[in-house]
């Protein structure tokens, strides 16, 4: 009886500790390059950007590099690259007309939450979710419209080469 109880206790203990002994965690399905499907954007076709791509790269030490390239309808381009901690700490960001500070969390391997502000004023919150197959991603953007009312929009991405 004692041997059976000891074996069961050891088996349970090893099962609970197994994740701690794993060699490496699988990479986040968010990592890689993504292209927005501009045809699905909720705006008139002539106002839509020509292209939007986002690349997420592991920047080490629980940090994520975000490279964003946007070509707007008139042809002007914006490129920003920022490495942000994944612990919710607010950091300065550059190269984007939408924000000068960001706080980022990754609550699950396939989910990224980014809070943005500009000049100390909230700008938007973005929630990126990669599909289980890693082929598509959605971005839900929570923001304030011109009347100061909260609003949402969704962007649909596919994995880019």
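Filtering the stretch 50-64 to residues that are within 23 Å of residue 113 (Cβ to Cβ) and over 13 Å from the mean Cα position of the chain (by Cα) leaves 52, 59, 60, 61, 62.
Just checking, which of 67, 37, 100 is at pLDDT 95 or above and within 12 Å of the chain's Cα centre (by Cα)? Selected residue: 67, the only one of 67, 37, 100 that is at pLDDT 95 or above and within 12 Å of the chain's Cα centre (by Cα).
Per-residue answers, yes or no, for (1) in contact with a helix residue (DSSP H, G or I) (Cβ under 7 Å, 6 or more places away or on another chain); (2) on the phi < 0 side of the Ramachandran plot; (3) free of Cβ contacts under 8 Å to residues at least 40 places away in the same chain:
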{"position": "76", "(1), (2), (3)": "no, yes, yes"}
{"position": "87", "(1), (2), (3)": "no, yes, yes"}
{"position": "90", "(1), (2), (3)": "no, yes, yes"}
{"position": "100", "(1), (2), (3)": "no, yes, yes"}
{"position": "104", "(1), (2), (3)": "no, yes, no"}
{"position": "115", "(1), (2), (3)": "no, yes, yes"}
{"position": "120", "(1), (2), (3)": "no, no, yes"}
{"position": "123", "(1), (2), (3)": "no, yes, yes"}
{"position": "127", "(1), (2), (3)": "no, yes, yes"}
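When we screen 81, 57, 94 for residues that are free of Cβ contacts under 8 Å to residues at least 24 places away in the same chain, touching a strand residue (DSSP E or B) at 6+ places or on another chain (Cβ under 8 Å) and surrounded by 12 or more Cβ atoms within 10 Å (Cβ to Cβ), the only hit is 81. Could we say that residue 105 is within 21 Å of residue 64 (Cα to Cα), at pLDDT 95 or above, over 10 Å from the mean Cα position of the chain (by Cα) and surrounded by 13 or more Cβ atoms within 10 Å (Cβ to Cβ) here? Criteria not met by residue 105.
Quick check on the stretch 29-48: of everything there that is out of contact with any strand residue (DSSP E or B) (no Cβ under 6 Å at 6 or more places or on another chain) and in a helix (DSSP H, G or I), which residue is nearest to residue 139 (Cα to Cα)? Result: 38.
The values are calculated or read from the model by the stated rules, or taken from the named source; none is laboratory data. Everything numeric here is computed off the predicted structure, so don't read it as measured data. Methodologically, a virtual Cβ is constructed for each residue, glycine included, from the backbone with ideal geometry; neighbour enumeration extends over all protein chains shown.
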